[in-house]
Structures are given as structure tokens and as C-alpha cells.
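What follows is one structure encoded as C-alpha cells, with my remarks underneath.
The values are calculated or read from the model by the stated rules, or taken from the named source; none is laboratory data. The structure presented is a predicted model; accordingly, all values stated were derived computationally and were not measured. Glycine also receives a Cβ, built like all others from the backbone with ideal geometry; neighbour counts cover every protein chain displayed. Surface areas here come from the heavy atoms of the whole protein model, side chains and all, with no ligands, DNA or RNA. Shrake-Rupley method; radii C 1.70, N 1.55, O 1.52, S 1.80 Å.
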Amino acid sequence: MAVQHSQDLPLADRDRAWDGNAAEKRVRKWAGAEDEPNAKYRDAHAWYDDDNPENFGSYKLLYADVIDGRLKAAPRGVMAAAAVMEGSRGGVNLPKDDIPRVKSHLGKYYKKMGEDPPWDRE
């Protein structure tokens, strides 16, 4: 199991609407991953199962989208992934040891947005 390696994607406009299904399609096309996932596809997700990298179902917490030909962290995608980490939409099943690292990864984008992630709020 693996938390996405540390990266620093540029932020998209905060007001940009988030449509995870549409973002998924754009990311697959951009990454050249229509048939199976690859490293570029992985970069759009906060977590993946590195024991099964050839399965699309191994990639969780999509937070990025392709905008003007570039992969960018979508603020509303980051918020959606964080909400799932907090139990929204049934939550996500991740190894216990990976949860703090995923939260840290998403938290970096909250900091770029000038906010605290939901798990750091009182």
C-alpha cells in the first residue's frame, strides 16, 4: 500500500467546479492510461495500492484534474478527498498506518489554499 509520493501540483482556480467522473476521464486521457494505470495517472490520486498498480480500482482519492493540458490540484477535489477521509460518502478503506500520511498529503494543499484541513479544525 502506498501514499502518493510528495509532490507540489499547482492549484487550479478555487471556484472551478469539481466533477470527479469527468476529471477521471481527463486524467486517464492526459496520462495515456485509458487501458491501464501508469505513473502519470497515479499523480492525480492521494493513495494507491502498490501491490496491484495495474488495476484502476487500486487508486483512491482523486483530487487533481487536467486544466489547459496540465495536471493541477483542484481545490474542490482536495476538499472532496478530505471529506471522504472524514467519513463522507461512506469513507475510504485504507491501511491504518497510511491514514496520517494521506491526511498530511492533502493537508499540504489546504495550506496552499490558506486553510486548515478539516481534521485540524476545532
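Kindly provide the set of residues from region 105-119 that are in contact with a strand residue (DSSP E or B) (Cβ under 8 Å, 6 or more places away or on another chain) and open to solvent by 50 Å² or more (accessible area, probe 1.4 Å), ordered by number.
Passing the criteria: only 112.
What's the number of the condition residue 26 fails, among (1) within 13 Å of residue 106 (Cα to Cα); (2) touching a strand residue (DSSP E or B) at 6+ places or on another chain (Cβ under 9 Å); (3) assigned to a helix (DSSP H, G or I)?
Every listed condition holds for residue 26 apart from (1).
Filter region 67-120 for residues that are of a type in the set (Val, Ile, Thr) and either within 11 Å of the chain's Cα centre (by Cα) or closer than 24 Å to residue 49 by Cα (or both) and give the result.
Passing the criteria: 78, 84, 92, 99, 102.
Sort through 93, 52, 21 and tell me the only one that's among the polar types (S, T, N, Q), open to solvent by 50 Å² or more (accessible area, probe 1.4 Å) and modelled with pLDDT of 95 or more.
Sole residue among the options that is among the polar types (S, T, N, Q), open to solvent by 50 Å² or more (accessible area, probe 1.4 Å) and modelled with pLDDT of 95 or more: 21.
Of the residues that sit in region 46-76 and are in contact (Cβ under 8 Å) with a residue 60 or more places away in the chain and part of a helix (DSSP H, G or I), which one is farthest from residue 14 (Cα to Cα)?
The selected residue is 76.
Find all pairs meeting these conditions: Cβ atoms under 8 angstrom apart; at least six residues apart or on different chains; first residue within region 105-118 and more than 18 Å from residue 84 (Cα to Cα); second residue open to solvent by 40 Å² or more (accessible area, probe 1.4 Å) and aliphatic (A, V, I, L, M).
Listed pairs, sorted by first residue: 112/11; 113/11.
What is the residue count in region 29-42 for residues that are part of a loop (DSSP other than H, G, I, E, B) and surrounded by 18 or more Cβ atoms within 10 Å (Cβ to Cβ)?
Qualifying residue count, region 29-42: 2.
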